[in-house]
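Written below as structure tokens is the structure these notes are about.
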Amino acid sequence: MDTTVNDLHSSPAKHASFWKFWSFSLFLIPLYLISFHLWLVLGPRGIMMVGIIATVVGIIAFLEASKQKYFLNRWDAFFHSTVIFDIFMEGVFIPLHIGYSFYLCAISFVIIVGGYRWWLSKKKSREAV
């Protein structure tokens, strides 16, 4: 497949567009995974502190994303907020975390949040044509 000059010039724009479209969603993945990995080695008090700190960081980032018009609709915002809510609930109400089953939850969030966002963007681009 040949690369044209137009492809080369549009590549940075596509790259920037990709990051603008997925930035907050991609931010939530390490926030979630780092929190859970820390909880594996911390005691109940440390788990609660990390949970609260990660929740505050998530809420601040969520509000900034809202201000930047990141979310495609209310459902998109809601699905993203469930990741932050899960961090809060797990950090505050579960005193000990054992094992790596949280990866299944992370994969579920990626499928639901990312899948919905991807589907909605495809639907909107078809409607625009």
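Read-outs throughout are calculated quantities, based only on the coordinates presented, and are distinct from any laboratory measurement. Note that the structure is a prediction, hence the values are computed from the model and not measured. Neighbour counts run over all protein chains shown; Cβ positions are idealised from the backbone, glycine included.
The alpha carbon convex hull volume per residue for the range 24-128 rounds to 79 Å³. About its Cα centre, the chain has a charge dipole of approximately 340 debye under the convention of +1 per Lys or Arg Cβ and -1 per Asp or Glu Cβ, with nothing else charged.
3J(HN,Hα) couplings calculated from phi for the range 37-53 with the Karplus curve 6.51 cos²θ - 1.76 cosθ + 1.60 (θ = phi - 60°) are, in sequence order, 5, 5, 5, 5, 10, 9, x, x, 5, x, 4, 5, 5, 5, x, 5, 4 Hz; Gly and Pro show x. Label positions at residue 110 and residue 22, each projected 7 Å from the Cα along the C-beta direction, are separated by 1.0 nm.
Here each label is just a point 7 Å from Cα along the line to Cβ, and for residue 60 and residue 40 those points are 2.7 nm apart.
Backbone phi angles across the range 105-114, fed through the Karplus curve with coefficients 6.51, -1.76 and 1.60 (θ = phi - 60°), yield HN-Hα couplings of 5, 4, 4, 4, 4, 4, 5, 6, 5, x Hz in residue order; Gly and Pro are listed as x.
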